[in-house]
Amino acid sequence: MNQWMTLFKKEMLEMSRNFKWIWVPLTFIMIAVKEPLTLYYMPQIIDSLGGLPEGAVIELPVPSAGEALAASLSQFNTFGVLIIVLITMGTIAGERKSGVAGLILVKPVSYAWFVTAKWASSMILIWISYFLSYFLSWYYVGVLFEFISFMDFLQSFFVNGIWLTLIVTVVILFNTFMKSPGAVGFISIGIIVILSILSSSLPHLLEWSPALLSAYANAFIMGSNLPDELLPSIIVSVIMITLSLLASIAIFKRRELA
Amino acid sequence: MPVVNIINIKKQFQDQEVIKGMDFQLSERKCIALLGANGAGKTTTLKMLAGLVKPDSGSIVFEGAEKADFRRLIGYLPQFPVFYEWMTGNEFLEYAGQLAGLPKSEAKDRAKELLELTGIAEAKNRRIGKYSGGMKQRLGIAQAIIHRPKLVMLDEPVSALDPFGRREVLELMDKLKKESAILFSTHILNDAEEICDEILFLHNGELVESGTLTGLRTKHQQAKIDLAFKENTLQYAEELSLLQPVSSMKLDGEYASFFVEDIEYARELFLTEIMQRNLPLVKFEISRTRLEDVFMKVVQK
């Protein structure tokens, strides 16, 4: 366990040395908080830009607090996912490509710990950034619209977070059998997009799909009925996360590193 | 006592056979040079021993690795070492030491000691990204030996260094010999000649010759006598070559080289002749076989 902590601490130090601890939370906050703000100030924005002809009256329906927060949540599943893939796609592949992995892994380093330390440190960075930004968004929605119950917020936070966790894990998995960070990013995004499109176009076939977790997370903040598929889909996701991690370790052990 | 036994290892990349079956063993506290031209398979051999490349067949057995991870026993420096550029030299060494299983305090002490030993102590708090090539090479050696491995493998440790750096690293390796076996690859024959006990010649993925330095010299000793005269070297040489035991003669600038059958007999014959005729001799040398000659000879076979 000592060695795991050494590996983990190195990851944390690296993330602070290359300022990931600053820019990742900031970017998350920007993309999340932007939604309630623009929704609230839309009439003023349109006004000040003078985009409408004289006399035109447009009635913008005032969005509900739930809709405003759901808009933030949907940002995590587009820009958020993109950022997650960008910051994790090189975590192992990059080290193998540069050759430093060869120097580290001729030491008696446990492959399982190497992979899980990388995974855990990415998880911490992403969950903290995600929490900060989603929490701020929840706060702004409360100030500008009305406060949504904190419990509902937390539940949607965790359910959507499981989907983000799965994404991190899948990116780590591809990291273990590809040497180029670019290829890892491309394939990971491809798989996420395909899974999301399939799940939303064939919801009756794939109702347990992890890609639907974000839709289910919406139900908490919109106050609608919770779908029955919520629990199975959480279970499926957790199983997929575990299997991907185990597969990552197994594949990584067998790879030639040079 | 052998540290590692290598039994008939083979390796193929795509359809090219890079290592065509190789057997050898390495003993404790010996310095062994892996010699060969570029592309002979030196790096691949070292990578296989380090576990970075798996041989297609054959086995590599480390003494004492039946129970524990063999990586505890080895230290490895790749040809072009790459580090975490954002770390300082000291941080990297402590990190490497801890990964190799040293307790934190010991890793700290070892890091300090090795920074001194390798001569980069004054740069220990600088980011590795700012290190020069020579400093990276030294840091690479330091990380390879931090856990006092039984076998240290260095891939071209001095090829990229300037003459000063080269000298210092060679001296460092000489010190290391007291603690561990060293296996290093090089194509600079002088370096091997200087610090090695044993030599492995690699050619086209095969071990073409191996042995101790003196053993190889004796085995490939050529019966050759070099002579030089103050003047008229050619004329005198031709006259001397008429004497019985000379099988061939070659003029090499100022020298005349005689290849003879019996070196003792030839020496006596030549010297008597030269004395009797009072020829203006300036050089008389029974040539010592250099590693380069051995190299050329085994590679041409």
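Rule-based calculations on the coordinates, nothing more; no lab input. This is a predicted model, so every value here is computed, not measured. Here Cβ is always computed from backbone atoms with ideal geometry, including for glycine, and neighbour counts include all displayed protein chains.
Data for the structure
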| read-out | value |
| --- | --- |
| Highest-MSF residue in chain B out of B:Ile286, B:Ile199, B:Ile145 [GNM, Cα springs under 10 Å] | B:Ile286 |
| Linear extension gain, B:Ala160 paired with B:Arg126, 0.36 nm per residue minus alpha-carbon span | 10.1 nm |
| Peptide B:82-91 - average C-beta neighbours from other chains (10 Å radius) | 4 |
| Residue with peak Gaussian network fluctuation, chain A [Cα springs, cutoff 10 Å], from A:Ile162, A:Ile84, A:Ile191 | A:Ile191 |
| Listed residues A:Pro210, A:Pro53, A:Pro181, most fluctuating in chain A (Gaussian network, C-alpha, under 10 Å) | A:Pro53 |
| Note, ³J(HN,Hα) from phi for the range B:28-34, Karplus 6.51, -1.76, 1.60, rounded to Hz, x at Gly and Pro | 4, 6, 10, 9, 10, 9, 9 |
| Per-residue average of Cβ from other chains inside 10 Å of A:106-114 | 6 |
| Separation of alpha-carbon centers, the range A:57-84 and the range B:112-177, rounded to whole Å | 56 Å |
| Segment B:Thr289-B:Lys54, extension gain: residue separation times 0.36 nm, minus the distance between their alpha carbons | 80.9 nm |
| Part-to-part distance (alpha-carbon centres) for the range B:208-256 and the range A:157-213, which is given in Å | 75 Å |
| J(HN,Hα) series, the range B:69-79, from Karplus relation 6.51 cos²θ - 1.76 cosθ + 1.60, nearest Hz, glycine and proline x | 5, 5, 5, 5, 8, 10, x, 9, 10, x, 4 |
| Amide H contacts of B:Val18 (H built 1.01 Å from N, under 5 Å, at least 5 apart or other chain) | B:Lys11, B:Gln12, B:Phe13 |
| Label-to-label distance, nm, for residues given as A:Ser16 and B:His187 (7 Å Cα→Cβ offset) | 4.6 nm |
| Gain upon complete extension [A:Ser224, A:Phe158; 0.36 nm per residue less C-alpha separation] | 22.0 nm |
| Averaged over B:98-107, number of beta-carbon atoms from partner chains that fall within 10 Å | 4 |
| B:Glu85/B:Lys219 FRET efficiency (R0 45 Å; Cβ-Cβ; nearest 0.05) | 0.40 |
| Around B:Leu227: net Lys/Arg minus Asp/Glu count, Cβ-Cβ under 15 Å | -3 |
| Amide H partners (placed H, <5 Å) of B:Gly211, local residues excluded | B:Ile199 |
| Under 5 Å, built H, 5+ apart or other chain: amide partners of B:Ala223 | B:Val260 |
| 3J(HN,Hα) from dihedral phi, the range B:38-50, Karplus parametrisation 6.51/-1.76/1.60, rounded to Hz, x for glycine, proline | 4, x, 6, x, 5, 5, 4, 4, 5, 5, 5, 5, 7 |
